[in-house]
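The values are calculated or read from the model by the stated rules, or taken from the named source; none is laboratory data. Computed from a prediction, not measured in an experiment: that's the story for all the values here. Cβ coordinates were reconstructed from backbone atoms using ideal geometry, including for glycine residues, and neighbour counts include every protein chain displayed. Surface accessibility is based on the protein's heavy atoms, side chains included, excluding ligands, DNA and RNA. Shrake-Rupley method; radii C 1.70, N 1.55, O 1.52, S 1.80 Å.
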Amino acid sequence: MQCSACGMSYGVFHSCVAPILPAEEAAAVPEGIAAIYYLRLAFNIARWDDLAIRSASRDPQALLYGMVFSMISAAIVFLVTALPGMLARQGATAGTIFWGLLLGLLFVWVYMGAIAFIQFGFCHLMARWFLGATGTFFGVMRPLLLGWFVNGLVLIPVVGALASAVAWTLVLMMVFEEVDGIGRLQAFLLAAGINAFFLVLLYTLPQ
């Protein structure tokens, strides 16, 4: 016989190694297109809901929705910041604006995707090597991609950059605490240090 929970084959007796989850965490995710469900999950992650973080970390579909949501968030930030300058440029035509936006979006998606992938991976490796983390890379990536939209706070006048940095640091902290199983102070120091490093990298490299 084979256990449906952990997949192990057994004879008469079996000691299951699958984790026992609360009913809320064990609930099945919606089938088919479930954008509203994952949008709510993303907002709950941004509110530091530990249940939402753990649920997303085990949900393979959360990776795809997280990628889509983060791409939309990055596109909005790019359009709000770049479009006024393009429209004000002397001699700009509909064609030049269209191609400028298209190429700019492609660059932003590739550039920010690479930064995010390296940041997530570096944080996770540091947590595993030095802090005894027990999670997986995809386990931390899923809720982080869903919660990435908090970086859109950068659009707030005057305090936007600080607000987005603080919000993203707290999301990082909660995800690494809940998914990688490290202490809150350790998670905060790791998130703050790595986030500060990548912010410096992001704003000092040639754009």
Alpha-carbon centroid distance for the pair the range 56-125 / the range 140-171, whole angstrom
14
Of all the accessible heavy-atom surface of the range 31-170, with the other protein chains kept in place and a 1.4 Å probe, what percent is carbon and sulfur?
76
Quick one: if you stick a label point 7 Å off each Cα along the C-beta vector at TYR37 and ALA196, how many nm between them?
4.1
Please list, in order along the range 121-137, the HN-Hα scalar couplings obtained from phi with the Karplus expression 6.51 cos²θ - 1.76 cosθ + 1.60 (θ = phi - 60°), rounded to whole Hz, x for Gly and Pro.
x, 5, 4, 5, 5, 4, 5, 6, 6, 10, 10, x, 5, 10, x, 10, 4
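Averaging sequence separations of C-alpha pairs under 8 Å and six or more residues apart, then dividing by the length of the range 88-181, give the relative contact order as a whole percent.
Here the relative contact order equals 27 percent.
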At 0.36 nm per residue, and after removing the present C-alpha to C-alpha distance, how many nm does the segment from LEU83 to LEU189 gain when stretched out fully?
34.5 nm
Between PHE138 and ILE118, what is the label-point separation in nm under the 7 Å Cα-to-beta-carbon projection?
2.4
